[in-house]
Amino acid sequence: MSNTRMNIGKIVFYEDKNFQGRSYESSSDCTDMSSYLSRCHSCRVENGCFMVYDRNNYMGNQYFMRRGDYPDYMRNFGMSDCIKSCHMIPMHRGNYKMRIYERENFGGQMHEMMDDCDSIMGRYRMSDCQSCNVMDGHWLMYEQNHFRGRMMYMRPGECKNFSSGIGMGGMRFMSMRRIMDSWY
């Protein structure tokens, strides 16, 4: 198998639990799963990493899925609704770097991160994170300490305000983790 083919993510969605019913295979982003399946209750990630969302257009609650089987992901993740859209996370090799800010529009305290942080309060004495600038790598941000609670995927670029435009209004982020999962 060529190296190019190995770097392509692949996820298979199934209508029913335990990989039953009709299926849909994807190696890229999908904004609306209803075009392919009436519902989705299990999936299998064959290569790569994906974020899945419980609303169309990458909105709503987000869940990180790495290579593996998810025969009943709704029960495993506590999801209240089916997967409605998915985003393939590109593989990243190299450094990780992100600046987090206490307030919207890059205001307040600023801290530069290059590794995981299980508590911004414990490490930086920072009680809130309302904006960020991801310079290198792909990250998961969590609403609770120790990488728990709802999460949000961050890719390189600026996010001036977590409350608007990304469907995560009112969410506070208290811990951050680099996405370092291997594709192989």
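Here are the numbers for this structure:
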quantity: Relative contact order for the chain, counting Cα pairs under 8 Å that sit 6 or more residues apart, in percent; calculated: 19
quantity: Gained length - Asp69 relative to Tyr124, 0.36 nm times residue gap less alpha-carbon distance; calculated: 16.1 nm
quantity: Dimensionless Rg over Rh [the chain; C-alpha; Kirkwood]; calculated: 0.99
quantity: Label-point gap, in nm, between Lys160 and Ser27 - each point 7 angstrom along Cα→Cβ; calculated: 3.8
quantity: Label-to-label distance, nm, for residues given as Asn57 and Tyr36 (7 Å Cα→Cβ offset); calculated: 2.0
quantity: Carbon and sulfur %, accessible surface of segment 84-152 computed with the full protein complex present, 1.4 Å; calculated: 42
quantity: Residues of type aspartates and glutamates that Lys17 reaches as a straight line, Cα spacing below 12 Å, ignoring anything fewer than 8 places off in the same chain; calculated: Asp69, Asp72
quantity: Cross-link partners of Lys97 among aspartates and glutamates (Cα-Cα below 17 Å; sequence separation of 8 or more within a chain); calculated: Glu112, Asp115, Asp116, Asp118, Asp136, Glu158, Asp181
quantity: 1.4 Å probe accessible area per residue over segment 7-85, in Å²; calculated: 47
quantity: Qualifying aspartates and glutamates (Cα of each under 13 Å from Cα of Lys160; at least 8 residues distant if same chain); calculated: Glu102, Glu104
quantity: Geometric extent, Cα atoms of segment 29-91 - Rg, Dmax (angstrom); calculated: 10.7, 30
quantity: Interatomic Cα distance distribution for segment 97-173, bins of 10 angstrom, percent; calculated: 20, 61, 19
quantity: Theoretical gain in end-to-end length, Asp116 to Glu143 [0.36 nm per residue, Cα-Cα removed]; calculated: 8.3 nm
quantity: The chain - mean residue ellipticity at 222 nm from DSSP helices (-39,500 (n - 2.57) per run, n ≥ 4, rounded to 500); calculated: -1500 deg cm²/dmol
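The values are calculated or read from the model by the stated rules, or taken from the named source; none is laboratory data. Just so it is clear, the model here is predicted, and its values are computed rather than measured. Note that we place each Cβ from the backbone using ideal geometry, even for glycine, and neighbour counts take in every protein chain shown. Remember, those area values only see protein heavy atoms, side chains included, never the ligands or the DNA or RNA. Shrake-Rupley method; radii C 1.70, N 1.55, O 1.52, S 1.80 Å.
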